[in-house]
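Q: Quick one: this structure, given as structure tokens, is what I'll be asking you about.
The values are calculated or read from the model by the stated rules, or taken from the named source; none is laboratory data. As the structure is a computational prediction, the values presented were derived from the model and not from experiment. Glycine gets a Cβ as well: all are built from the backbone with ideal geometry, and neighbour counts include every protein chain shown.
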Amino acid sequence: MGQYQSVYAHDQTGNWSSELTPAAVTDLHGVWTNGPQAYAVGASRTVLERAVNGAWSAMQLPSDADAATILRGVWGNKNGTQLFVVGDSGTILHYAGP
């Protein structure tokens, strides 16, 4: 995780590879993974979801969430149906996935 639209993934063979994130993403602060499933959070209330093929996409958040909020941490349950995100100013977001 870090700046400049990239996330680095470590596979089961011990190799590292760079995966591009959406162009608007510049600063990520937290990540949660469960096998190939992953979520990353960061500045400007960014929540990214990783597809099994390694493609990252931005998730839609409630419109009442402050656009300037920095998200700091993310956790999900083992089957990926519940996701919790925390951030500055006491922000807590909950996603009940498919």
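Q: Residues of region 71-86 being buried (at least 17 other Cβ atoms within 10 Å of the Cβ) and under 15 Å from Leu28 (Cβ atoms), which ones? Break it down stepwise before answering.
A: Restricting attention to region 71-86, the residues satisfying the condition of being buried (at least 17 other Cβ atoms within 10 Å of the Cβ) are 71, 74, 76, 80, 83, 85.
Leu71, Val74, Val85, listed by residue number.
Listed here are the residues, each with its yes/no results for (1) more than 28 Å from Asp11 (Cα to Cα); (2) in contact (Cβ under 8 Å) with a residue 40 or more places away in the chain; (3) out of contact with any helix residue (DSSP H, G or I) (no Cβ under 8 Å at 6 or more places or on another chain).
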{"residue": "Gln37", "(1), (2), (3)": "no, yes, yes"}
{"residue": "Val41", "(1), (2), (3)": "no, yes, yes"}
{"residue": "Asn53", "(1), (2), (3)": "no, no, yes"}
{"residue": "Asp66", "(1), (2), (3)": "yes, no, no"}
{"residue": "Val74", "(1), (2), (3)": "no, yes, yes"}
{"residue": "Lys78", "(1), (2), (3)": "no, yes, yes"}
{"residue": "Gln82", "(1), (2), (3)": "no, no, yes"}
{"residue": "Val85", "(1), (2), (3)": "no, yes, yes"}
{"residue": "Ile92", "(1), (2), (3)": "yes, no, yes"}
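Q: For region 27-44, check the following and say yes or no: at least one residue is within 12 Å of the chain's Cα centre (by Cα) and of a type in the set (D, E, K, R).
A: Yes, region 27-44 contains a residue that is within 12 Å of the chain's Cα centre (by Cα) and of a type in the set (D, E, K, R).
Q: Also, quick follow-up: Within region 49-70, track down each residue that is under 14 Å from the mean Cα position of the chain (by Cα) and surrounded by 10 or more Cβ atoms within 10 Å (Cβ to Cβ).
A: Selection gives Glu49, Arg50, Ala51, Gly54, Ala55, Trp56, Ser57, Ala58, Met59, Leu61, Ile70.
Q: Next question, about the same structure. If I filter region 17-48 down to residues being surrounded by 18 or more Cβ atoms within 10 Å (Cβ to Cβ) and hydroxyl-bearing (Ser, Thr, Tyr), which single residue comes out as farthest from Gly97 (Cα to Cα)?
A: Thr21
Q: Let me ask another. Among the residues that make up region 48-66, is at least one of them at positive phi, out of contact with any Gly (no Cβ under 6 Å at 6 or more places or on another chain) and at pLDDT below 90?
A: As a first pass, look at region 48-66 and keep what is at positive phi: 54.
Okay, now just the ones that are also out of contact with any Gly (no Cβ under 6 Å at 6 or more places or on another chain), so 54.
Narrowing further to those that are at pLDDT below 90: 54.
Looking through region 48-66, at least one residue is at positive phi, out of contact with any Gly (no Cβ under 6 Å at 6 or more places or on another chain) and at pLDDT below 90.
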